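Just below is one structure, and these are the notes that go with it.
The values are calculated or read from the model by the stated rules, or taken from the named source; none is laboratory data. Note that this is a predicted model, so its numbers are computed, not measured. Don't worry about glycine lacking a Cβ; one is built from the backbone with ideal geometry, like all the others, and counts go over all protein chains shown.
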């Protein structure tokens with residue numbers, strides 16, 4: 001009797017524990033099996049994060065774009081020197097009045113689903129772009145899309161736009177082509193089917209993403225190999241595995257141990273950890289620019305003299321070490337070597353470091369001693385926070401008081417866009433704009449400092465868009481840059497960049513570019 | 001027992017409702033607009049407004065709360081604004097990672113914390129007690145991200161014993177799964193061991209002063225028997241309570257370790273959701289965490305009846 005009770009008791013305990021163990025096992029095992037890859041056919045790349053979306057029309061962050069440009073292609077794209085070149089088009093004809101653009105599509109291009117690309121897909125893609133993309137205003141002057149035959153696509157504009165192809169080459173919110181069947185898919189709900197050299201094999205958010213070579217890829221045989229985002233692309237590695245590693249130590253350690261072949265965003269102070277390894281190469285690309293944005297709609301920086309006082313107080317040499325990333329002095333809003341770079345033309349507005357002048361200008365602006373200039377910045381990007389601290393000290397030397405408000409980056413970005421949050425100065429960096437030209441700058445120039453009623457700026461932008469000759473566009477840009485810097489809508493800090501690192505004994509053909517590319521990269 | 005579980009579950013409904021309302025208002029207190037974040041840099045005001053309208057973020061707060069509660073009443077936790085998936089599937093996708101980390105970490109924490117706590121209590125006032133409590137204090141005090149970085153440099157980079165980061169699912173094999181989790185679990189366990197050891201020591205000290213312990217010793221029971229059979233068994237309820245609490249913390253509270261070791265767990269999911277103002281995901285995840293806490297508490301209560309037959313709920 002006792003034995004029977006005991007055994008029942010034990011059995012009930014075992015039942016309860018058994019159910020709990022089974023439930024736990026089910027939770028632990030709830031994951032799908034991965035694809036078979038080996039280290040010999042897979043490039044392993046470690047970056048801070050993964051894409052938030054694979055819908056190219058809403059993709060704007062580098063982490064989105066570096067995956068998207070392997071999956072999708074546009075009619076035109078940018079080459080190594082950031083100029084517009086045909087990609088899915090074999091030829092582009094622009095009418096003399098810059099209102100009609102005719103694209104002849106390359107033959108034999110296939111989507112990852114096996115379907116051949118036609119002009120109907122191109123038209124459907126542009127129509128979807130106009131519906132879902134935050135950048136849809138770029139197509140606001142489109143009067144009509146025409147598809148006279150399956151290989152010809154025509155865009156007619158209502159207004160001349162001499163830089164329309166430059167607009168289409170943008171790698172941000174890229175104008176890439178999706179199969180026509182996806183035309184009515186809402187934002188962020190498309191399937192990742194493109195014409196790129198790699199197709200999506202697996203995506204585990206917060207963990208990793210796997211691309212697999214697309215065997216049906218039709219490369220542009222006429223292009224140079226790996227020419228920016230265009231040219232002849234070859235998927236040498238069968239797989240590319242993106243690992244999402246937010247912690248810099250983890251990324252660096254993964255390269256040191258051989259778990260990753262290439263890593264991005266190595267902090268400056270960690271670069272030395274790689275120094276003793278002859279097989280590891282660290283590269284620096286100064287493709288971005290950091291600025292202070294001055295809010296023109298918030299007192300007292302609504303007065304030009306006050307903004308100019310802040311600019312006059314700023315010294316760059318003290319600020320660069322605070323950025324904690326590769327940085328170089330430069331006054332220009334474009335990258336040296338680009339077609340709109342204008343040498344020393346507007347350098348007088350840079351690195352003035354003149355507290356006396358700053359104090360005079362502040363007085364002229366009606367600044368009252370003790371009045372606080374409000375910085376809004378974020379600890380998420382130490383470069384923004386620390387350079388704000390340096391500027392705050394420099395303002396103090398000119399007798400200008402300030403206070404720093406730290407918020408998370410989401411709030412910072414949202415307030416910068418909306419103008420809310422009672423801020424006078426905020427910091428940010430731009431990566432695509434300095435490379436891609438004035439048409440890419442326009443939105444930021446107007447919206448971040450909340451510029452209103454600047455007719456000279458408006459006129460020069462109008463002139464820029466209406467000028468078919470590059471020389472006239474350059475002249476208009478020179479004026480635009482002068483206005484922005486002189487009015488201190490934005491104050492340039494420096495050209496900045498990131499450090500990538502890779503193991504040269506493992507990969508061959510990797511080179512720095514605006515975004516990291518893995519076509520034409522071989523595994524040794 | 002089933003009746004007890006059902007009653008407990010029913011009692012949890014008001015708690016979950018309070019969590020739901022609090023989570024809703026806490027998110028609203030944060031500055032920032034998810035529509036702006038979703039639209040990205042350079043988006044026009046019209047594009048931002050379109051997103052706001054589509055996601056019903058333009059409705060009055062009370063109306064938003066009301067429709068969310070109605071949605072909850074239908075058993076729907078909603079969908080993430082950023083991830084293009086439901087809250088339940090987003091959490092379910094990451095739960096195996098956090099649960100795996102919690103299991104391995106608990107498997108290290110429980111024996112180590114108990115042995116350390118019992119040893120410290122038994123050798124009260126000696127160097128062993130001081131050493132055990134110093135180890136516990138270090139575990140509780142040293143920031144886990146610092147320990148994690150040092151651990152990676154030692155075990156991954158210098159010795160090459162363990163992978164530096166990443167998660168391998170259990171379905172890919174127990175060996176790789178365990179190897180990927182061992183280092184983060186050890187780092188996480190270090191803090192919990194300290195906590196458990198201190199609590200165990202304190203519970204043991206209470207029991208070791210009791211008359212029945214003296215009686216056991218007087219009867220000639222071996223010291224091991226006194227400590228483990230007579231003393232420790234009487235602290236087990238207290239220890240189990242602490243273990244249940246630690247298990248609850250481990251499910252959603254290992255954000256830093258998940259971040260450093262690039263583990264795609266629920267902690268990281270929620271932090272990311274907060275940063276991107278993904279309201280439904282934060283609210284839904286907090287509610288799910290609340291539910292998991294309730295389940296762990298019920299499970300702990302059931303375990304009480306197993307370890308101590310005197311505990312009866314009926």
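Kindly provide the set of residues from the stretch A:123-157 that are at pLDDT below 95 and away from chain B (no Cβ under 14 Å), ordered by number.
Hit for the stretch A:123-157 is A:141, nothing else.
Return the only residue of A:48, A:44, A:58 being within 14 Å of chain B (Cβ to nearest Cβ) and over 17 Å from the mean Cα position of the chain (by Cα). Step through it out loud before you land on a result.
Numbers: A:48 fails: over 17 Å from the mean Cα position of the chain (by Cα); A:58 fails: over 17 Å from the mean Cα position of the chain (by Cα).
Testing whether each residue is within 14 Å of chain B (Cβ to nearest Cβ) and over 17 Å from the mean Cα position of the chain (by Cα) leaves just A:44.
Would you mind finding the one in A:210, A:178, A:165, A:200 that is part of a helix (DSSP H, G or I), away from every other protein chain (no Cβ under 12 Å), at negative phi and touching a residue at least 24 places away in the same chain (Cβ under 8 Å)?
Values: A:210 fails: part of a helix (DSSP H, G or I); A:178 fails: part of a helix (DSSP H, G or I); A:200 fails: part of a helix (DSSP H, G or I).
Criteria check complete, one pass: A:165.
Do the conditions hold for residue B:186, that is, is it within 14 Å of chain A (Cβ to nearest Cβ) and either within 30 Å of residue A:263 (Cβ to Cβ) or under 26 Å from the mean Cα position of the chain (by Cα) (or both)?
Details: within 14 Å of chain A (Cβ to nearest Cβ): no; either within 30 Å of residue A:263 (Cβ to Cβ) or under 26 Å from the mean Cα position of the chain (by Cα) (or both): yes.
Against the criterion (within 14 Å of chain A (Cβ to nearest Cβ) and either within 30 Å of residue A:263 (Cβ to Cβ) or under 26 Å from the mean Cα position of the chain (by Cα) (or both)), residue B:186 does not qualify.
Can you name the residue in the stretch B:251-274 that is within 15 Å of residue B:103 (Cα to Cα) and part of a loop (DSSP other than H, G, I, E, B) and is also farthest from the other protein chains (Cβ to nearest Cβ) among such residues?
Initial filter on the stretch B:251-274 (within 15 Å of residue B:103 (Cα to Cα)): B:251-254, B:257-258, B:263, B:265-266.
If we keep only those that are part of a loop (DSSP other than H, G, I, E, B) too, we end up with B:253-254, B:263, B:265.
Values: B:253: 17, B:254: 14, B:263: 8, B:265: 8 Å.
The selected residue is B:253.
The rows are residues; the columns are (1) touching a residue at least 60 places away in the same chain (Cβ under 8 Å); (2) surrounded by fewer than 17 Cβ atoms within 10 Å (Cβ to Cβ); (3) assigned to a strand (DSSP E or B).
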{"position": "A:217", "(1), (2), (3)": "yes, no, no"}
{"position": "A:241", "(1), (2), (3)": "yes, no, yes"}
{"position": "A:251", "(1), (2), (3)": "yes, no, no"}
{"position": "A:258", "(1), (2), (3)": "yes, yes, no"}
{"position": "A:273", "(1), (2), (3)": "no, no, no"}
{"position": "A:288", "(1), (2), (3)": "yes, no, yes"}
{"position": "A:298", "(1), (2), (3)": "yes, no, no"}
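When the residues of the stretch B:169-178 are filtered to those that are facing another protein chain (nearest Cβ under 7 Å) and either in a loop (DSSP other than H, G, I, E, B) or in contact with a helix residue (DSSP H, G or I) (Cβ under 8 Å, 6 or more places away or on another chain) (or both), which remaining residue is surrounded by the fewest Cβ atoms within 10 Å (Cβ to Cβ)? Working first, answer last.
Start the filter on the stretch B:169-178 by keeping residues that are facing another protein chain (nearest Cβ under 7 Å), which leaves B:169-172.
Applying the additional criterion that residues be either in a loop (DSSP other than H, G, I, E, B) or in contact with a helix residue (DSSP H, G or I) (Cβ under 8 Å, 6 or more places away or on another chain) (or both) yields B:169-171.
Values: B:169: 21, B:170: 22, B:171: 15.
The extreme case among them is B:171.
For the stretch A:387-427, which residues satisfy the criterion of being over 24 Å from the mean Cα position of the chain (by Cα), buried (at least 22 other Cβ atoms within 10 Å of the Cβ) and not in a helix (DSSP H, G or I)?
Passing the criteria: A:400, A:423, A:424.
Among the numbered conditions (1) free of Cβ contacts under 8 Å to residues at least 12 places away in the same chain; (2) closer than 24 Å to residue A:435 by Cα, tell me where residue A:267 comes up short.
Every condition holds for residue A:267 apart from (1).
Mind listing whichever residues of the stretch B:253-284 are within 20 Å of residue B:147 (Cβ to Cβ), surrounded by 23 or more Cβ atoms within 10 Å (Cβ to Cβ) and at pLDDT below 85?
Pass one, the stretch B:253-284, residues within 20 Å of residue B:147 (Cβ to Cβ): B:253-263, B:265, B:267-268, B:271.
Right, trim to surrounded by 23 or more Cβ atoms within 10 Å (Cβ to Cβ) and you get B:254, B:257-258, B:260-263, B:265, B:267-268.
Matches in the stretch B:253-284: B:254 only.
Which number in (1) out of contact with any helix residue (DSSP H, G or I) (no Cβ under 6 Å at 6 or more places or on another chain); (2) at pLDDT 85 or above marks the one condition that residue B:24 misses?
The one condition residue B:24 does not meet is (1).
Just to check your reading of the model, which residue among B:95, B:77 is under 23 Å from the mean Cα position of the chain (by Cα), more than 25 Å from residue B:233 (Cα to Cα) and part of a helix (DSSP H, G or I)?
The match here is B:95.
Is one or more of the residues making up the stretch A:213-224 under 30 Å from residue B:263 (Cα atoms) and within 14 Å of another protein chain (Cβ to nearest Cβ)? Break it down stepwise before answering.
First pass over the stretch A:213-224, keeping only residues under 30 Å from residue B:263 (Cα atoms): A:213-214.
Still in the list and also within 14 Å of another protein chain (Cβ to nearest Cβ): none.
Taking every residue of the stretch A:213-224 in turn, none turns out to be under 30 Å from residue B:263 (Cα atoms) and within 14 Å of another protein chain (Cβ to nearest Cβ).
Scan the stretch B:119-168 residue by residue and report those that are assigned to a helix (DSSP H, G or I), more than 24 Å from the chain's Cα centre (by Cα) and over 19 Å from residue B:180 (Cβ atoms).
B:119, B:120, B:121, B:122, B:127, B:128, B:129, B:130, B:131, B:132, B:134
Return the only residue of A:269, A:302, A:317, A:236 being within 14 Å of another protein chain (Cβ to nearest Cβ) and either out of contact with any helix residue (DSSP H, G or I) (no Cβ under 7 Å at 6 or more places or on another chain) or part of a loop (DSSP other than H, G, I, E, B) (or both).
Working: A:302 fails: within 14 Å of another protein chain (Cβ to nearest Cβ); A:317 fails: within 14 Å of another protein chain (Cβ to nearest Cβ); A:236 fails: within 14 Å of another protein chain (Cβ to nearest Cβ).
Only one candidate passes the filter, namely A:269.
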